[in-house]
Amino acid sequence: QQQVKQSPQSLIVQKGGISIINCAYENTAFDYFPWYQQFPGKGPALLIAIRPDVSEKKEGRFTISFNKSAKQFSLHIMDSQPGDSATYFCAARLGAGNMLTFGGGTRLMVKP
Amino acid sequence: NAGVMQNPRHLVRRRGQEARLRCSPMKGHSHVYWYRQLPEEGLKFMVYLQKENIIDESGMPKERFSAEFPKEGPSILRIQQVVRGDSAAYFCASSPRPRNTEAFFGQGTRLTVV
C-alpha cells in the first residue's frame, strides 16, 4: 500500500515535443504529490507539486495532472528541451511527517 | 545560505569495514531524513531524525545500520561490516518543520563496497 508505481522507465522525446510521465499509488492517505528532477551526480530537486484537492497545476512548461478517483497523477513537460534530460521521480507523502515514498524514476532524454 | 551538505561525496570501503556518512542540514533546519538509492532505482526512505531523537526508523535495515543526529554537529549514518549490497547512493534531506514543508536534498554520498 506504500508503493508508488512510475512509468515509463525511460523516455526519448524530440526537442519541442511533449514528455509525459505517469504515476499510480494505492494509499489514499497520501496528501501531497511532488515531482523531483535529478541530474547525474546530484541530489533530487523539487520541480513541482500538487495536493489531491486540485486536478491540475501548471508552472511554466511543467504541468501535473491529478486524477484522485483513479489514484493516478502525471507530469507533462511541454516544449521539451535537451536541458530537460534528467531522471524524474514522482513521490507521495503521508500527512504525518515529511517522509516521501518515491516512484522508480523515469530517465528522460530529449534529442536536439 | 548553504544547502544540505553531505560528505564525503564518494566513499570506497572493503567488505567488513565501517562506513560513516555525514549530513549537515540547511541552516535553521532541525529535521533530517536519510534515503538510499540503489542503482537504477528510486529513493527509499530509511530514517527520520530530529536533534537527539530518532523519530521514525521504519526503513532502516535491522542490523548493521544506525543513525544519529546529536545536539551539536552533523547527522551521521553508520554502516558496520559493509557488504557489496550496501553499495548505493545515500541522500540526506532536511526541513525546518516536521510536516507540510519541502525537504531539501543534499548531493548524496556514493558508497562503493569492494
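Of note:
- The residue list B:Val82, B:Val32 contains one member that is away from chain A (no Cβ under 14 Å), of a type in the set (A, V, I, L, M), open to solvent by less than 70 Å² (accessible area, probe 1.4 Å) and on the phi < 0 side of the Ramachandran plot, which is B:Val82.
- Per the listing B:Leu38, B:Leu43, the residue uniquely within 14 Å of chain A (Cβ to nearest Cβ), among the aliphatic types (A, V, I, L, M), within 25 Å of A:Gly104 (Cβ to Cβ) and open to solvent by 20 Å² or more (accessible area, probe 1.4 Å) is B:Leu38.
- Residue, surrounded by the most Cβ atoms within 10 Å (Cβ to Cβ), within the stretch A:41-63, restricted to residues that are out of contact with any His (no Cβ under 8 Å at 6 or more places or on another chain) and in contact (Cβ under 8 Å) with a residue 24 or more places away in the chain: A:Pro44
- Number of residues in the stretch A:42-52 that are within 7 Å of another protein chain (Cβ to nearest Cβ) and assigned to a loop (DSSP other than H, G, I, E, B): the value is 3.
- Filter result (crowded, with 21+ Cβ neighbours inside 10 Å and either farther than 27 Å from A:Gln14 by Cα or within 14 Å of chain B (Cβ to nearest Cβ) (or both)) within the stretch A:68-85: none
- Residue list for the stretch A:86-108, filter: among the polar types (S, T, N, Q) and open to solvent by 10 Å² or more (accessible area, probe 1.4 Å): A:Thr87, A:Thr101
The values are calculated or read from the model by the stated rules, or taken from the named source; none is laboratory data. Predicted model, so just to flag it, every value in this text is computed and none were measured. Neighbour counts are summed over all protein chains in view; Cβ atoms, including those assigned to glycine, are modelled from backbone coordinates with ideal geometry. Each accessible area value is taken on the protein alone, full model and side chains, heavy atoms only, with ligands, DNA and RNA left out. Shrake-Rupley method; radii C 1.70, N 1.55, O 1.52, S 1.80 Å.
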